[in-house]
Amino acid sequence: MPPAQRVLRAACLLAAAAVTAFGAGSPSESDLKAAFIYHFTQFVEWPDAAFQADDSPFVIGVLGTDPFGGTLEALVRGESVARHPIRIRILRDGDNQVGCHILFVTRDGEPRLDARRLGASPVLTVGESDQFFDAGGMVEFVTERRHVRIKINLSEARAHGLAISAKLLRVAEVVDDEGGASFEPVDAPGGPDVEPASVARRHVTIPRPIPGPGALALTLPAGSL
């Protein structure tokens, strides 16, 4: 699949998460989560120290039973993050979790998460439960009424040296312990791409979301990935 087509389909899936219930002819729950993870690579900035070399891979780790069935692999194939080719790694017991840039932790993978070893490493941790989020996870997939949305712990991401684009914050529920704020996404005028320091107090500065109109999701037939 050409890279431009993969990007478009990922954009459609991400838009679908906000406007379309999964299942019954729509993208599946795991498809929508895969699209979100792909977009995290585009709208989060990692420090240079997160990479051993200019061309070392950008690693997305999956801790627990892989739910994607090849969808995530298809979305990132041939893609890169600032010259770092994206690689998917299914983590086994004893594998180095710190070597990931995004670490997706399934519910059955939570007991294997080595939070102590991760420490303050620049690893974007993504999970599926409130317990994971409350224990310091940075992003939680929240599934309600067959819709998938995301919740972001902004202060936790900052503490790990990660900068999250305002375009991603715009489509998330954001918790910022440093600013003492929690807010839902709202329509807003344009603003900077990377979240401003005042985002917790003035979230109206967050611009409109990428990729665009949610109606695009309706053009994706089941099994088209």
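The values are calculated or read from the model by the stated rules, or taken from the named source; none is laboratory data. This is a predicted model, so every value here is computed, not measured. Please note: Cβ atoms are built from the backbone with ideal geometry, for glycine as well, and neighbour counts cover all protein chains shown. Side chains included, ligands, DNA and RNA excluded: accessible areas come from the protein's heavy atoms. Shrake-Rupley method; radii C 1.70, N 1.55, O 1.52, S 1.80 Å.
Quick notes on this one:
- Taking region 99-121 as the range and being under 18 Å from the mean Cα position of the chain (by Cα) and loosely packed, with under 15 Cβ neighbours inside 10 Å as the test, only R107 passes.
- Residue in region 155-162 that is buried (at least 23 other Cβ atoms within 10 Å of the Cβ) and of a type in the set (A, V, I, L, M, F, W, C) present: no
- Those residues of region 57-87 which are surrounded by 14 or more Cβ atoms within 10 Å (Cβ to Cβ), β-branched (V, I, T) and more than 16 Å from T125 (Cβ to Cβ), in sequence order: T71, V76, V81, I86
- Scan region 157-182 for residues that are touching a residue at least 24 places away in the same chain (Cβ under 8 Å) and of a type in the set (S, T, Y) and the total you get is 1.
- Taking residues in region 137-156 that are among the acidic types (D, E), and partners anywhere that are buried (at least 20 other Cβ atoms within 10 Å of the Cβ) and part of a strand (DSSP E or B), the pairs with Cβ atoms closer than 6 Å and at least 6 places apart or on different chains are E140/G127.
- Counting the residues of region 36-95 that are among the small types (G, A, S) and touching a Cys at 6+ places or on another chain (Cβ under 9 Å) gives 1.
- Taken over region 33-56, residues that are open to solvent by 40 Å² or more (accessible area, probe 1.4 Å) and among the small types (G, A, S) amount to 2.
- Filter pass, V204 being modelled with pLDDT of 90 or more, more than 13 Å from the chain's Cα centre (by Cα) and over 22 Å from A50 (Cα atoms): no
- Number of the exception - N96 against (1) without any contact (Cβ under 8 Å) to a residue 60 or more places away in the chain; (2) open to solvent by less than 20 Å² (accessible area, probe 1.4 Å): (2)
- Residue match in region 168-175 (condition: closer than 23 Å to A50 by Cβ, at pLDDT below 95 and open to solvent by 50 Å² or more (accessible area, probe 1.4 Å)): no
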